[in-house]
1. Among the residues in the stretch 40-49, are any closer than 23 Å to Tyr265 by Cβ and either among the β-branched types (Val, Ile, Thr) or in a loop (DSSP other than H, G, I, E, B) (or both)?
2. Residues in the stretch 501-538 that are part of a strand (DSSP E or B) and acidic (Asp, Glu): how many?
3. Take the stretch 305-360 and flag every residue that is at pLDDT 95 or above and among the basic types (Lys, Arg).
4. Do we have Ser586 as touching a Phe, Trp or Tyr at 6+ places or on another chain (Cβ under 9 Å) and either touching a residue at least 60 places away in the same chain (Cβ under 8 Å) or closer than 15 Å to Trp514 by Cα (or both) here?
5. Mind telling me which of the residues Val727, Val766, Val722 ends up being surrounded by 12 or more Cβ atoms within 10 Å (Cβ to Cβ) and more than 21 Å from Ser642 (Cα to Cα)?
6. Which members of the stretch 626-671 meet the condition of being under 12 Å from Leu613 (Cβ atoms), without any contact (Cβ under 8 Å) to a residue 40 or more places away in the chain and among the β-branched types (Val, Ile, Thr)?
7. Before we move on, is Cys698 in a strand (DSSP E or B) and in contact with a Gly (Cβ under 9 Å, 6 or more places away or on another chain)?
8. Among the listed residues Asp171, Asp191, Asp201, which satisfies the condition of being under 19 Å from Glu243 (Cα atoms) and acidic (Asp, Glu)?
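The values are calculated or read from the model by the stated rules, or taken from the named source; none is laboratory data. Note that the coordinates shown come from a computational prediction; the quantities given were computed from them, not determined experimentally. Note: ideal-geometry Cβ built from the backbone for every residue, glycine included; neighbour counts use all protein chains shown.
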Amino acid sequence: MNRLFFITFIVISLGSFSGMSQDLTLGQWRVHLPFIKARAVAKADDRIYCASDRGLFYYSQNDNSVEPLSKISGLSELNVSTLGYNQNTSTLLIAYSNANIDLLVGNKIYNLSDIKRKNLTGDKNIYAVTFRNNFAYLSCGFGIVVVDLARREIKDTYIIGPGGTTIRVFDIDFLGNTVFAATESGVFTADINNSNLGFYDNWTLSLPDNGNAGDYNIIETFGNQVFVNYAKPNAIGANSTDEGFVFNGSAWIAPPVPVDPTKYYSYRSSNGQLIMTNSYSARVFDSNLNQIQNINNSVYADPVMRDAMPGADGITWVADNEQGLVRVTASGNVNFIYPGGPRSDLVSAMAVSNGHLWATHATRTAMWFNTYAQGNFSEYKNGTWKTYNNKTLPNFNIGQFYDNMSIAVDPKNSAHVYVGSKGNGIVEMLYGVPVASYRDTNSTLQPGIGNPLECQVVGMGFDESGNLWALNSLAAKPVNVRTTEGQWKAFSIPGIPGAPLYGDLTIDSYGQKWINILGNNAPLGSGLVVFNDNGTLDDITDDRSRFLTTGPGRGNLPSVDIRAITEDLENEIWLGTGKGVAVIYSPSSVITSDNFDAQQILIKQDGVNQYLLETEVVTAIAVDGANRKWIGTESGGAFLMSPDGTKQILNFNEQNSPILSNYILSIAIDQLSGDVYFGTNRGIISYKGDAIAGNGGCNNPLVYPNPVRENYEGPIAIKGLVPNGNVKITDVSGNIVYETTANGTQAIWYGKNFEGAKVQTGVYLVFSTDDEGKNTCVTKLLFVN
């Protein structure tokens, strides 16, 4: 027997699942994923579980609720490849694309990471799961793995290829005591009662593969027959020519049911029905193999089916890769079921204004190259996501605005946004409706030199006067402005010849435009340029610029690979580079002074002095209400640093948090709620931070929870305080029990005194004041111990 090593359990209690509509408390997470891209479905008593490209959710038939499951819920991974439910052991088996496995039993998760950790060359994918009694048989890229669900451990591994070689097993099923394995080398059979199925010679080739022309990738037993699908190598879309075969107990014959000439994804049998599913239809057959239903585009529009299974009362459950979990009744009534989320997991840029999040969906590479991602973007407001694409805006061809790389939100109206496209200029949106688009035909924007069909708009932003600035890549006059009156003007950058490839744009408090040059026809090379029009849009004679690169006296950048440009609350410019973080402490004098070099932040780690994140590629920097820096990296996750960057407060990575990926592309902060949004290469997730921005003095201070009950152990949040002010908590006699500093306009207390003990029951006063004592406020709370 080829036995995988014994499992070490990781057991996680789910408790109660957290609904998407519930408000987050401090330190909690929420995923924002495209659950709509469904790929597999499993029925578990009253719940219908649905796996999507970026997560898992279930629909409760008892109360019609929909609950997403993710790493926040305790799942081990993100990308589910397949799943199945075993009634005998009440176990939902979840297999991930990296070969990790979770067993969900009741409200607990048991992790089996044997296959993931096993040092195997070649394919470790888990293609399908089949149950027999208390065992799960996993069809893997190297053979078959048997899981004992009662003991929650790996029981056996079968390597069944000729001569003991590994072959890809795509699916298995049983007919009586015979196990059938659909593989890349044909259909193999064996006696399930054989005590040595790990020995290849105990398997017989029952149906050959016609000279390696294709793969037998789906197999299903229905009645006393075994149905198998034969996938051709060119089996893609409408031109696919998959074939079907049936074993009738003595021979393989042509299927006694119609098979469409296309690519098939699943055969499923349950409740006396067989369903055969391809992208465009799911044919349902009764026990006599009479077709009783054909779910196709006459039942619901534009199906992209990946799986379907029969349910009770004539209901069919379909996993649709564009429309989520689809409930279809025998009479043809249709319901679309999925948790809310954007329709794409790509994230190129995010922006938050007045509690309103906007996100663009594209692939932002280091050089901002075109990847021709479909033109779409999303908004998130009041707990609801809406994605704009060709389906939701059929009368406006959003798709032609491909590779949306940037977004600028009107500071006076969070429903008024401009989306920058590297394909076709700019889309202007107002209250969810596209009202205009701009490129070289109706603005000063220009097509890319050497590529006249593309009008590449990259970074964008608003200045303090409400003018929109847009960076036009590969153009001789790259800096464009649309004034509040709707007039367009374009500027060349003094000292920057040619038409370089540009990336991001940040406008500081002095009106200066910070622009990263990525190269391509740039005689000066890559680096950072600061452009100042001096506030005179009609006079180019006073325009000035400064080019920054590596080396003292030339900008002293740690790297010319600039990924992030952010101004903090003290008007300093923070740069994310290919070699960590750099800061411009006097941005107003960069152009006018010779003292303009960037500086790196020296920290001590493990007793060694080093520069902040110098071994990391820093991809994003966002500033919270306490002027702390949230920093995203390409491989190390996200960091929260003190305002001056010398102290690490938090680090979130895949190993210690639910964050979706260590590759952070964008960070945006809702300064009203403290929510921090992380855009990763696997989608968006948010974290409830403890800093809230504010201006001036107190603003209706509020304590929650209040009163604080005796069994409460969580944080006590005090909002509406003096920004970054001193906070003292006293008893009614004036004795100070705790003192801290507000993060923005919010402070956190855990109900303990200076010694770490819980305070006594009583009324407590909260005093907040600034350093000069000019702004003060007082509120109170009741604490029960």
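1. Yes: one or more hits.
2. Residues that pass the stated criteria total 1.
3. Arg306, Arg327
4. Here the answer is yes, as Ser586 does meet what is asked.
5. The match here is Val766.
6. Passing the criteria: only Thr633.
7. Here the answer is no, as Cys698 does not meet what is asked.
8. Checking each option against the conditions leaves just Asp171.
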